[in-house]
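Trainee: Take this structure, written in structure tokens, and hold onto it; I'll ask about it next.
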Amino acid sequence: MSTTRKLLMTAGGTGLVKVAPGTWGSVPPVIIAFLLGLTGEAWVVDWAMVLIVILSCWICVGLGPWAEECWGCKDPQQVVIDEVAGQALTLLLLPWMWILPSTQWLAISCGMAFAAFRIFDILKPLPIRSLQRYPKGWGVLLDDLAAAIPAAILCWILLLLLMPS
């Protein structure tokens, strides 16, 4: 097994954690968004999330067939680069220009985005679940990207309701 490919597909090994690997795989983009948000610059967070989404998608689709062969099943639980992509997309879709420069709202928003994405990724309501039928890396990836959309919408609604005007 190629160590580099394994590290990429498991998001630096987070997917190898035995308990809740998808949850652990969702953590790196949240940490990155939080740390970059401390700069107070919305564009810095946005561009970092764009880069993470693009790279994660490319890795997931490109190495998806290898991962399924390596671990011997469709959508192996160790593969969490799809969670990285979905979580980063959720974060990308947040209204950072409202959230920053408040450190309090930065922390709340990152936590909210993490929880919302995990809920939609785990529950996979229709039509999200149906996207898993696509072959190889596409089926692994598309449901996570789709889960990011309602997660981001939920975050927007909560931010509109909770943030002072």
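Trainee: Which helices, taking whole DSSP H runs in the chain, have alpha carbons extending 24 angstrom or more along the helix axis plus mean Kyte-Doolittle at least 1.6?
Mentor: Working: long enough: 21-37 (25 Å, 1.25); 42-71 (40 Å, 1.42); 103-123 (30 Å, 1.28); 136-162 (40 Å, 1.79).
What comes out of the filter, once short or polar helices are dropped, is 136-162.
Trainee: Under a Cβ-only charge scheme (Lys and Arg +1, Asp and Glu -1), can you give me the dipole magnitude of the chain about the Cα centre, in debye to the nearest 20?
Mentor: Here the chain has a charge dipole of around 300 debye.
Trainee: If you don't mind, there's one more thing I want to ask. Here are some values of Cα Rg over 2.2 N^0.38 Å: (1) 1.02; (2) 1.21; (3) 1.15. Which one was computed from this structure?
Mentor: Correct label, based on the coordinates given: (1).
Trainee: Rounded to whole Å, give me the distance from the Cα center of region 90-130 to that of region 1-36.
Mentor: Taking the Cα centre of each part, region 90-130 and region 1-36 sit 18 Å apart.
Trainee: Going toward the positive end of the dipole of the chain, with +1 on Lys and Arg Cβ and -1 on Asp and Glu Cβ, which of 146, 88, 98 do you reach last?
Mentor: 146
Trainee: Tell me, in nm to one decimal, what length is gained between residue 16 and residue 156 on full extension, where the rule is 0.36 nm per residue of separation less the Cα-Cα distance?
Mentor: Contour length minus the Cα-Cα distance gives 47.2 nm.
Trainee: Moving on. Please compute, over every Cα-Cα pair in region 6-90, the percentage with a separation greater than 23 angstrom.
Mentor: Of all Cα-Cα pairs in region 6-90, 22 percent lie more than 23 Å apart.
Trainee: Moving on to the next point. Taking a cut-off of 16 Å between Cα atoms, list the lysines near residue 18, but don't count ones fewer than 8 places away on the same chain.
Mentor: Result set, ordered by chain and number: 6.
Trainee: Go through region 1-81 and name the GluC sites (Glu not before Pro) that are in a DSSP coil and have 16 or fewer other Cβ atoms within 10 Å of their Cβ.
Mentor: Numbers: sites: 41, 68, 69; in loops: 41.
Answer by residue number: 41.
Throughout, read-outs are computed from the coordinates displayed, never taken from laboratory work. This one's a predicted model, so the numbers in the text were calculated from it and none came from an experiment. Here the Cβ is made from the backbone with ideal geometry for all residues, glycine too, and neighbour counts use every protein chain on show.
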